[in-house]
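As structure tokens, the structure follows; a few thoughts come after it.
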Amino acid sequence: MTKHILLIIGGGIAAYKAAELIRLIRKSGMTVRCVLTESGAQFVTPMTLAALSENEVHTTLWSLKDEAEMGHIQLSREADLVVVCPATANLLAKMAGGVADDLATTLLLATDTPVMAVPAMNVRMWQHAATQRNIEQLRSDGITVIQPDEGAMACGEYGPGRLPEPETIMAEISAMLVSPSLTAIGTQSTELGHNPLDGQPAFAPDRHRPLRGKHVLITAGPTHEPIDPVRYIANRSSGRQGFAIAAAAAEAGAQVTLVAGPVHLTTPAGVMRVDVETALEMEQAVQDALPADVAIMVAAVADWRADSRSGQKIKKKGAAPAPLKLTENPDILAGLAQHEKRPGLLIGFAAETENIVSHAEAKLAKKGCDWIVANDVSGDVMGGADNSVHIITRSGAEIWERLPKPEVARRLIAKISEELA
Ligand code: C5P
């Protein structure tokens with residue numbers, strides 16, 4: 001059955017790539033109808049889009065002709081998929097806020113068809129907390145948000161924010177429109193996942209976003225336990241593995257809360273980050289983030305904190321200071337296992353240098369979690385680029401070969417997705 005795409009083109013320099021996307025959609029045998037925003041029309045003309053799509057191009061909410069012939073609600077629903085490309089920061093903000101002040105945003109609010117947004121913007125705009133908040137909101141609303149590419153941008157800056165190549169976007173569109181026998185997911189779909197016009201099931205579960213609608217809570221990095229205003233107890237955790245897991249979870253469509261100890265790492269796209277310093281702050285932030293479907297405690301939480309913290313810098317007096325008195329920190333993972341809002345899947349990490357499986361099995365029982373990801377830290381894992389892990393569950397142990405941390409993250413998220421399915 002022929003699939004129909006409604007393509008909403010926002011106002012950014014990447015709009016020219018939408019013309020190529022239309023050509024690819026047509027080539028794949030699908031039909032495409034374009035909606036051009038007022039600012040989109042500053043970059044591409046309705047004439048170009050009409051010629052390529054072989055369809056009328058819609059630009060205004062106030063077209064008597066359109067309202068008489070089909071109406072904007074119907075226009076929003078007759079498609080199998082609505083694609084917003086390029087999705088500008090402004091368009092994403094309006095979508096996240098439910099604003100409907102032109103044809104594009106009105107259609108997006110009125111549609112019960114799955115929506116894919118393909119962002120493109122300046123790197124600073126992409127990284128801005130407001131944009132990241134909007135993306136997280138859109139993902140939890142069930143909208144598929146594609147990760148932008150990283151590279152040189154038209155504005156002369158470098159970083160994430162580039163529109164992916166049209167071939168990549170086309171592959172994402174095809175992936176969302178797979179087997180017609182499966183049902184839709186996402187809050188924007190009809191209840192039964194049927195195309196309202198022909199009554200046929202329209203969408204497969206999103207294989208590319210298997211964690212859509214799930215809240216994943218992650219801790220990462222070390223904690224710093226102050227001794228006085230300038231000194232603290234710390235450890236060598238870089239936070240890289242936890243941040244990679246947060247990125248992989250967001251890519252899988254999850255709503256992600258990342259409680260991060262003091263690290264200098266960029267927040268992955270679409271992730272809600274809460275910065276903390278101490279174990280006590282991390283414990284509070286984790287509890288504030290509940291409920292969660294999955295919790296992955298990757299942080300290397302300091303086992304002890306100074307019993308009391310000096311308000312002033314402790315001065316050298318020509319002799320050793322009084323011995324530092326330490327107090328044990330709460331075990332955040334064990335506390336979560338006992339919590340009334342215990343996440344359905346609770347995963348801990350363990351850094352081991354010997355007897356990895358037996359030590360990890362003991363930790364699984366002691367902490368009351370469901371899985372332990374045990375790292376062999378006998379080499380250069382802490383702070384390094386690779387990781388060598390064992391996954392210990394109640395049904396046994398799996399050994400993964402040494403892999404780059406982002407790959408460990410992707411595999412772990414794939415395993416979690418399978419478990420939840
Ligand atoms: O006991 P150990 O530090 O080896 O346990 C590691 C696991 O427990 C990790 O998942 C870590 O994030 C978590 N943990 C915690 N709170 C602590 C200590 C460890 O959540 N105070």
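Just checking: which of the strands (runs of 3 or more DSSP E) contained wholly in region 325-421 hold 1 or more residues that are touching a Phe, Trp or Tyr at 6+ places or on another chain (Cβ under 9 Å) and away from the ligand (no atom under 12 Å from the Cβ)?
326-328, 345-352, 389-393
For region 392-403, check the following and say yes or no: at least one residue is open to solvent by less than 60 Å² (accessible area, probe 1.4 Å) and of a type in the set (Lys, Arg).
Checked against the condition, which is being open to solvent by less than 60 Å² (accessible area, probe 1.4 Å) and of a type in the set (Lys, Arg), region 392-403 yields no hits at all.
Those residues that are closer than 14 Å to Ala250 by Cβ, touching a strand residue (DSSP E or B) at 6+ places or on another chain (Cβ under 6 Å) and of a type outside the set (Lys, Arg), I need them from region 134-160; list them, please.
The answer is Ile135, Glu136, Leu138, Ser140, Ile143, Thr144, Val145, Ile146, Pro148, Pro160.
Mind counting the residues in region 51-103 that are of a type in the set (Asp, Glu) and either under 14 Å from Cys34 (Cβ atoms) or not assigned by TED's automatic domain parsing to the domain that holds His128 (or both)?
Number of matching residues: 4.
Pairs under 6 Å by beta carbon, first residue farther than 14 Å from Ala292 by Cβ in region 330-344, partner within 8 Å of the ligand (Cβ to nearest atom), six or more apart or different chains?
What qualifies is Pro330/Glu283; Ala334/Lys367.
What residue, of Glu283, Glu251, is within 12 Å of the ligand (Cβ to nearest atom), in the same structural domain as Ser238 (by TED's automatic domain parsing), out of contact with any Leu (no Cβ under 8 Å at 6 or more places or on another chain) and not hydroxyl-bearing (Ser, Thr, Tyr)?
Only one candidate qualifies: Glu283.
Matching residues to (1) at pLDDT 85 or above; (2) closer than 15 Å to Ile296 by Cβ; (3) hydrophobic (A, V, I, L, M, F, W, C); (4) in the same structural domain as Ala360 (by TED's automatic domain parsing):
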residue	(1), (2), (3), (4)
Val377	no, no, yes, yes
Met382	no, no, yes, yes
Asp386	no, no, no, yes
Ile392	yes, yes, yes, yes
Ser395	yes, no, no, yes
Lys405	yes, yes, no, yes
Val408	yes, yes, yes, yes
Ile413	yes, yes, yes, yes
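Look through region 136-159, keep the residues that are within 20 Å of Leu258 (Cα to Cα) and open to solvent by 30 Å² or more (accessible area, probe 1.4 Å), and return whichever of them is modelled with the lowest pLDDT.
Ser140
Kindly provide the set of residues from region 108-131 that are assigned to a helix (DSSP H, G or I) and among the charged types (D, E, K, R), ordered by number.
Arg124
If you go through region 205-257, how many residues are closer than 28 Å to Arg305 by Cα, in contact (Cβ under 8 Å) with a residue 60 or more places away in the chain and open to solvent by 10 Å² or more (accessible area, probe 1.4 Å)?
Going through region 205-257 one residue at a time, the tally reaches 15.
Of everything in region 270-310, what is assigned to a loop (DSSP other than H, G, I, E, B) and crowded, with 21+ Cβ neighbours inside 10 Å? Give them in sequence order.
Here is the first cut: in region 270-310, the residues assigned to a loop (DSSP other than H, G, I, E, B) are 270, 276-278, 290-293, 298-299, 301-303, 307-310.
If the condition is that a residue be assigned to a loop (DSSP other than H, G, I, E, B) and crowded, with 21+ Cβ neighbours inside 10 Å, then Gly270, Val276, Thr278, Ala292, Val298, Ala299, Val301, Ala302 are the ones that fit.
Residues in region 345-361 that are at pLDDT 95 or above and more than 16 Å from Ala292 (Cβ to Cβ): how many?
Number of matching residues: 1.
The values are calculated or read from the model by the stated rules, or taken from the named source; none is laboratory data. Treat the numbers as computed from the prediction; the structure is a model and nothing was measured. All Cβ positions, glycine included, derive from the backbone under ideal geometry; neighbour counts span all protein chains shown. All accessible areas refer to the heavy atoms of the entire protein, side chains included, with ligands and DNA or RNA removed. Shrake-Rupley method; radii C 1.70, N 1.55, O 1.52, S 1.80 Å.
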